[in-house]
């Protein structure tokens with residue numbers, strides 16, 4: 001019990017520091033320990049860190065506001081990073097990311113449609129905006145697969161082209177809806193399209209966690225097949241891999257994880273591009289190791305970017321998608337030029 005609470009306290013200190021409350025992580029740890037009831041010694045330690053009145057206030061701030069935001073950031077970052085690993089392995093394209101297949105554009109169109117219809121309520125605990133966004137992402141997945149897989153056979157080039165087409169079409173419809181909206185709706189739409197965790201609550205955490213967790217397990221289960229697919233479809237088939245089945249599982253698994261993440265946070269770009277390449281450089285190309293490490297790093301990266309977006313610019317809070325774009329834009333240019341030099345050298 002004591003060892004367990006010590007671990008919780010240490011973890012909470014780290015999370016508390018990342019959450020950027022303007023207090024040390026010890027305050028978060030003290031509040032958690034006091035909530036869990038860790039015995040006289042732990043209670044005495046907690047009360048030594050915080051006064052009774054401070055505990056009540058910090059408990060509300062931490063558990064009602066900060067903790068859901070951190071948890072949602074971890075979930076979304078992990079999902080986007082893992083999806084990026086899968087799409088880069090599936091398409092054998094280092095520039096591939098979860099948004100290249102139009103999933104984010106479909107999710108964005110669904111959410112914007114809900115905003116334009118002023119559907120701000122919820123049904124069975126699920127907000128209409130989140131539900132519409134998820135349905136839009138599913139529609140984009142189905143449309144891309146239908147266009148990019150004539151005769152039931154998938155092609156990396158066709159999937160990319162279909163994704164570009166669907167992304168462009170859905171984005172144009174989204175811009176039309178935004179253009180025809182009034183000032184208040186247009187402001188909400190633009191803010192949501194930048195991507196952010198400012199709407200985080202426990203409902204969104206529980207809505208996204210099971211789906212993202214299931215998707216990560218499914219994707220990790222085909223990690224060996226992804227390793228073999230990197231040698232090409234023909235070589236993979238000769239090594240006993242069911243190529244079409246592996247492609248379908250990877251495509252739909254990665255797309256569904258992306259769709260869930262977009263539905264609860266908006267389109268947050270570049271996480272699925274920056275993190276997989278960084279982890280591949282550190283741990284190598286083996287997807288059995290690359291997938292879990294990218295998921296962990298993606299969660300930490302998005303929480304760090306969200307912290308910077310909240311506390312790094314004074315009283316103003318930037319959408320976290322702006323911060324990830326600041327990081328990912330130069331990284332994308334560097335990666336593009338590096339890939340070009342490799343082709344010329346080859």
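Computed from the coordinates by the stated procedures, all read-outs in this text should not be read as laboratory data. Small disclaimer: the values here were computed from a predicted structure and weren't measured. Every residue, glycine as well, gets a Cβ built from its backbone with ideal geometry; the counts of neighbours run over all protein chains shown.
Using the per-residue mean of other Cβ atoms lying within 10 Å as a proxy for protection, in what order, highest first, do the peptides 228-238, 247-257 fall?
Ranked from most to least packed, the peptides come out as 247-257, 228-238.
Go ahead and run the numbers for FRET between residue 117 and residue 169, Cβ-Cβ distance against an R0 of 30 Å, rounding to 0.05.
For residue 117 and residue 169, the calculated efficiency is 0.90.
Along each principal axis of its Cα atoms, how long is the range 212-346 end to end? Whole angstroms, biggest number first, please.
59, 41, 22
Considering only C-alpha atoms, what is the centroid distance from the range 72-96 to the range 267-336, in Å?
With the range 72-96 and the range 267-336 each reduced to a Cα centre, they are spaced 10 Å.
Going 7 Å from the Cα of residue 245 toward and past its Cβ, which residues in the range 79-108 have a backbone nitrogen under 20 Å from where you end up?
90-91
Would you order 115, 120 from fewest to most other beta-carbon atoms within 10 Å of each residue's own beta-carbon?
120, 115
From zero outward in steps of 5 Å, how is the percent of C-alpha pairs of the range 93-267 spread across the bins?
Result, from short to long distances: 1, 9, 16, 19, 18, 14, 10, 7, 4, 2, 1, 0 percent.
One-quarter of the Cα convex hull surface for the range 272-335, in nm²?
Its average projected convex-hull area is 4.4 nm².
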